[in-house]
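Please treat every number below as a calculation from the coordinates, not as lab data. Since the model is a prediction, treat every value here as computed from it, not as a measurement. For neighbour counting, all protein chains shown are included, and Cβ atoms are generated from backbone atoms with ideal geometry for every residue, glycine included.
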Amino acid sequence: DPVGTIVFGNGFGTDQSFWKEVSEYFKSKYTIVHFENIGAIGTDFEFFNPNKYESLDAYSKDFVSIFHNLNMRDFIYVGHSMSAM
């Protein structure tokens, strides 16, 4: 049984394949969640608003909103590049 949850966030210009080998290592002990900021490779650009996302503040608000709505309170977050900011 998983002992917790790890959320992996990819960097600007990458997709979740960046985390493939790393997440494989942890999947036997943790529930793995992959998070992508809007505008990342593979996301729906229909939802990207350049005025809203002119600063990193909007991205952080999205992140908090998503995980708050999923009632995820305790997890490990591992971010790369922009997702680590």
ask   = Highest mean first, what order results for 23-35, 45-57 on Cβ atoms within 10 Å?
value = 23-35, 45-57
inquiry  = Give me the extension gain from Asp1 to Leu56: residue separation times 0.36 nm, minus the current Cα-Cα distance, reported in nm with one decimal.
reply    = 16.3 nm
message = Which order do the peptides 6-18, 71-83 come out in when sorted by mean C-beta neighbours inside 10 angstrom, highest first?
response = 6-18, 71-83
query = If you place +1 on the Cβ of every Lys and Arg, -1 on the Cβ of every Asp and Glu, and leave all else neutral, what size is the dipole of the chain about its Cα centre, to the nearest 20 Debye?
reply = 220 debye
task = Quick one: divide the alpha-carbon radius of gyration of the chain by 2.2 N^0.38 Å and tell me what you get.
result = 1.12
request  = Enter the angle in degrees (range 0 to 90, nearest 10) between the Cα long axis of helix 56-69 and the first principal axis of the Cα atoms of the chain, meaning the one along which they spread out most.
outcome  = 50 degrees
ask   = Sorted by packing (mean other beta-carbon atoms within 10 Å per residue), highest first, where do 37-43, 60-66 land?
value = 37-43, 60-66
